[in-house]
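The values are calculated or read from the model by the stated rules, or taken from the named source; none is laboratory data. All values reported here derive from a predicted model rather than from experimental measurement. Glycine gets a Cβ as well: all are built from the backbone with ideal geometry, and neighbour counts include every protein chain shown.
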Amino acid sequence: MIIKQEHSICALATPIGVAGIAVIRVSGKDTFSIVDTLFRSSTSVSSSDTHRVLVGKWMYDGVFVDEVTVSVFRSPKSYTGEDVCEIGCHGGHLVSRSILDSLLAAGCRTAEPGEFTRRAFVNGKIDLTKAESIADIIHNNSPRSISVSKKQYNQAFRKEVSVIRAALIKLAGLLELGMDFSEEGIEFVSFNEIQEQLHSVLKFTTELLNTKESARILRNGITVSLYGRPNAGKSSILNALVQKERAIVSNVAGTTRDYIEDSILVEGVKVTIVDTAGIRISADDIENKGVQNAKQQVLESDIVCLVHDSSDSEASLRDMASEVQLVLEPNQVLLIVLSKSDLIEEANSIIVNGIDSTNVVHVSTEDETGVRQLVSWISDFIERNTSSETSVLLNDRIIGELSSVRDILSELTISDSTIDPEFLSIDIRQCIKHLNYITGDEWSEDILDTVFSNFCIGK
Ligand SMILES: Nc1nc2c(ncn2[C@@H]2O[C@H](COP(=O)(O)OP(=O)(O)OP(=O)(O)O)[C@@H](O)[C@H]2O)c(=O)[nH]1
Ligand SMILES: [Mg+2]
């Protein structure tokens, strides 16, 4: 492995703020000599073995800064592949800032977001799918998405891509060999075999692309908006779901103005609940702005809960439901929440504008009836729309490359047997290129900029 050691970079690898310890990472060709000018210990960093932790004093301009640990990682056995030091100092802003300043004064420069991981990729320590899983592990907080990211981190996705790429490389090779022997009429691969291989790669890409929505939900969670007339009980439902007094509840119609968000975990997925202003025509500009915001929230939700007071008229419910149905996209779901069920004798089964009765929930926050049913409805939605079986959490970059492969292959697999082997092999080579872009076996600075722009400084 040939490691290219670049100019030394440094950054705080732990969050800024009050903490027990902070860790500063330094990587690059002059790391050891730079750290040795600032660190006093019985063993110098330059003479230390790799994977050793040294303890000593950090000095800046001859002044003691902190007692620190320096973990030494010699190239190529380090995260970036370069010489790396990880400096552990006391937490809080001042000590780490002073150590960073001393490193900058001694010749380091501040790392760009994701630059340590970018160097790890360029030096062949990790592939792009692993780099992207690291960003997902850092940024995501839902247990379900982490379970997929871990599989991706452990190279399950890279292995799958490698298998189909190997099949395509073999196919293109046999086609090209056949072209060399075309005069002799020797065929190295039959039309049926080509079709079979291409179909299986097409199936792989299509199935993966079908997990696009699942990846979005696992990564970002879902949004559930509470929408309805004033006093319908929306804020009470928000409070019941998040189990705290998040929003003000009162019998004054028009209590909620700004929309109020809070989140819960359902099925290991983050569910953001948005309580909104009650819908009515008002003479008050502020309330009207709240109503406008509420309508916008509906457009941005995965599930729209139309909250309707069970003791109010069905006609009013139908009107509201029609308005919402008009603006909903096919991937959004309308759930009718019939609130204050304690106020009516018997919860009757209402048929609203063709909405399936399974999409109607009766809730009372007074006696807690139906709140659990509401959560289990959300849970079923997540269950239906996600899968943890995949080995990758798709992102826009990978979706783009997979879509290109799918488009090329769907053209090819419907072609007739008279297709020119030369064109066929050009198209297959094109697919291989897109697969290489996914793993980073082929890359450009633009691709790396896309991947690493999602990272934080210090990673
Ligand atoms: N009996 C009964 N009263 C409820 C229930 N849920 C809410 N209420 C009452 O209905 C009134 C309005 O409740 P909110 O939760 O503030 O209603 P809202 O839809 O947020 O109202 P706006 O913010 O004005 O749009 C309050 O007096 C609540 O105590 C319920 O399940 N049963
Ligand atoms: Mg409210």
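Numbers for the structure displayed
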| read-out | value |
| --- | --- |
| Contacts under 8 angstrom Cβ, first residue in the stretch 247-269 being within 26 Å of Ser214 (Cα to Cα) and touching a residue at least 60 places away in the same chain (Cβ under 8 Å), partner away from ligand 2 (no atom under 13 Å from the Cβ) and in a loop (DSSP other than H, G, I, E, B), 6 or more apart | Leu265/Ser142; Glu267/Thr386; Gly268/Ser142; Val269/Ser142; Val269/Gly221; Val269/Thr386 |
| Filter result for Ser225 (buried (at least 20 other Cβ atoms within 10 Å of the Cβ) and in contact with a helix residue (DSSP H, G or I) (Cβ under 6 Å, 6 or more places away or on another chain)) | yes |
| Test: residue in the stretch 375-382 that is touching an Asp or Glu at 6+ places or on another chain (Cβ under 8 Å) and modelled with pLDDT under 95 | no |
| Set Ser214, Ser235: member being hydroxyl-bearing (Ser, Thr, Tyr) and within 16 Å of ligand 1 (Cβ to nearest atom) | Ser235 |
| Pick from the stretch 143-171, criterion of a type in the set (Gly, Ala, Ser) and surrounded by fewer than 21 Cβ atoms within 10 Å (Cβ to Cβ), ranking: farthest from Leu409 (Cα to Cα) | Ser147 |
| Any hit, the stretch 209-216, residues being within 16 Å of ligand 2 (Cβ to nearest atom) and touching a helix residue (DSSP H, G or I) at 6+ places or on another chain (Cβ under 7 Å) | no |
| Enumerated strands (runs of 3 or more DSSP E) restricted to the stretch 298-388, each holding at least 3 residues that are surrounded by fewer than 17 Cβ atoms within 10 Å (Cβ to Cβ), in contact with a helix residue (DSSP H, G or I) (Cβ under 6 Å, 6 or more places away or on another chain) and in the same structural domain as Tyr259 (by TED's automatic domain parsing) | none |
| Residue among Leu409, Leu435, Leu402 that alone is assigned to a helix (DSSP H, G or I), closer than 30 Å to Lys130 by Cα and modelled with pLDDT under 95 | Leu409 |
| Hey, Ile237 β-branched (Val, Ile, Thr), in a helix (DSSP H, G or I) and within 16 Å of ligand 2 (Cβ to nearest atom) or not | yes |
| Qualifying residue in the stretch 244-265 (condition: in a loop (DSSP other than H, G, I, E, B), within 16 Å of ligand 2 (Cβ to nearest atom), surrounded by fewer than 21 Cβ atoms within 10 Å (Cβ to Cβ) and aromatic (Phe, Trp, Tyr)) | yes |
| Counted residues, the stretch 36-58 - those being of a type outside the set (Gly, Ala, Ser) and more than 25 Å from Gly124 (Cβ to Cβ) | 11 |
| Number of positions in the stretch 247-285 that are more than 9 Å from ligand 1 (Cβ to nearest atom) and in contact with a Lys or Arg (Cβ under 6 Å, 6 or more places away or on another chain) | 4 |
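Rundown of residues vs (1) surrounded by fewer than 22 Cβ atoms within 10 Å (Cβ to Cβ); (2) of a type in the set (A, V, I, L, M, F, W, C), yes/no style:
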{"site": "Thr14", "(1), (2)": "yes, no"}
{"site": "Arg25", "(1), (2)": "no, no"}
{"site": "Ser46", "(1), (2)": "yes, no"}
{"site": "Lys57", "(1), (2)": "yes, no"}
{"site": "Tyr60", "(1), (2)": "yes, no"}
{"site": "Val70", "(1), (2)": "no, yes"}
{"site": "Phe73", "(1), (2)": "yes, yes"}
{"site": "Gly81", "(1), (2)": "no, no"}
{"site": "Leu103", "(1), (2)": "no, yes"}
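Residue by residue, here is whether (1) within 16 Å of ligand 2 (Cβ to nearest atom); (2) assigned by TED's automatic domain parsing to the domain that holds Ala166 holds:
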site: Ile186; (1), (2): no, yes
site: Gln197; (1), (2): no, yes
site: Gly221; (1), (2): no, no
site: Ala232; (1), (2): yes, no
